[in-house]
Amino acid sequence: MKNKVFFSIIIPTFNRVKKISKAIDSILMQTYKNWELIIVDNYSNDGTSELVKSYNNKKIYFYKIKNNGLISRSRNYGIRKSK
């Protein structure tokens, strides 16, 4: 089973660039590698988009949606995008 995604990690975020960085770094340091990371951003204005793109990792997916204060909307969107 070559590079098959066994689970998805979904992280909703809004203006948490430092915490997202720590979360991504933690995921990348794991020894288990069959995952995908889906970050769903509520249009942050703190550099979150640039930070995520700087990882240049094909297993990290970045989406933006307006969740109108409903974090569950971001999580559900991430679930729909997951493999």
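Could you point to the residue in V52, I20, G78 farthest towards the positive end of the chain's charge dipole, with +1 and -1 charges on the Cβ of Lys/Arg and Asp/Glu respectively?
Ranked along the dipole, the leading option is G78.
Explain nothing, just the number: dipole magnitude of the chain about its Cα centre with +1 on each Lys and Arg Cβ and -1 on each Asp and Glu Cβ, in debye rounded to the nearest 20.
Using Cβ point charges on Lys, Arg, Asp and Glu, the chain gives about 300 debye.
Please give me, ordered by residue number, the chymotrypsin sites (Phe, Trp or Tyr not before Pro) of region 6-45 that lie in loop per DSSP and have at most 10 other Cβ atoms within 10 Å.
Filter output for region 6-45: Y32.
With a 1.4 Å probe and all protein chains kept in place, how much accessible area does K81 have, in Å² rounded to the nearest 10?
90 Å²
Please list the radius of gyration and Dmax for the chain, considering alpha-carbon atoms only, with Å as the unit.
In order Rg, Dmax, the Cα atoms of the chain give 12.5, 40 Å.
From a point 7 Å beyond the Cα of F7 in the direction of its Cβ, which residues of region 35-71 have a backbone N at a distance under 16 Å?
Answer for region 35-71: 35-38.
Please give the helix 17-28 orientation as an angle from the longest Cα principal axis of the chain, in degrees from 0 to 90, rounded to the nearest 10.
On a 0 to 90 degree scale, this one is about 10.
Could you please put L28, L37 in sequence from largest to smallest accessible area, using a 1.4 Å probe?
Descending accessible area places them as L28, L37.
Give me the accessible area per residue for the chain, probe 1.4 Å, as a whole number in Å².
Value returned for the chain: 69 Å² of accessible area per residue.
FRET efficiency for Q30 and R73, Cβ-Cβ distance as r, R0 = 30 Å, nearest 0.05?
The computed FRET efficiency comes out at 0.60.
Can you spot the lysines whose alpha carbon is less than 29 Å from K64's alpha carbon? Ignore those fewer than 8 places along the same chain.
Within the straight-line cut-off, K64 pairs with K4, K18, K19, K22, K33, K53, K81, K83.
How tilted is helix 71-81 with respect to the longest principal axis of the chain? Cα atoms for both, answer in degrees (0 to 90, nearest 10).
Once rounded, one gets 40 degrees.
The values are calculated or read from the model by the stated rules, or taken from the named source; none is laboratory data. Not measured: the values here are computed from a predicted model. Neighbour counts run over all protein chains shown; Cβ positions are idealised from the backbone, glycine included. Note: areas computed on protein heavy atoms with side chains; ligands, DNA, RNA excluded. Shrake-Rupley method; radii C 1.70, N 1.55, O 1.52, S 1.80 Å.
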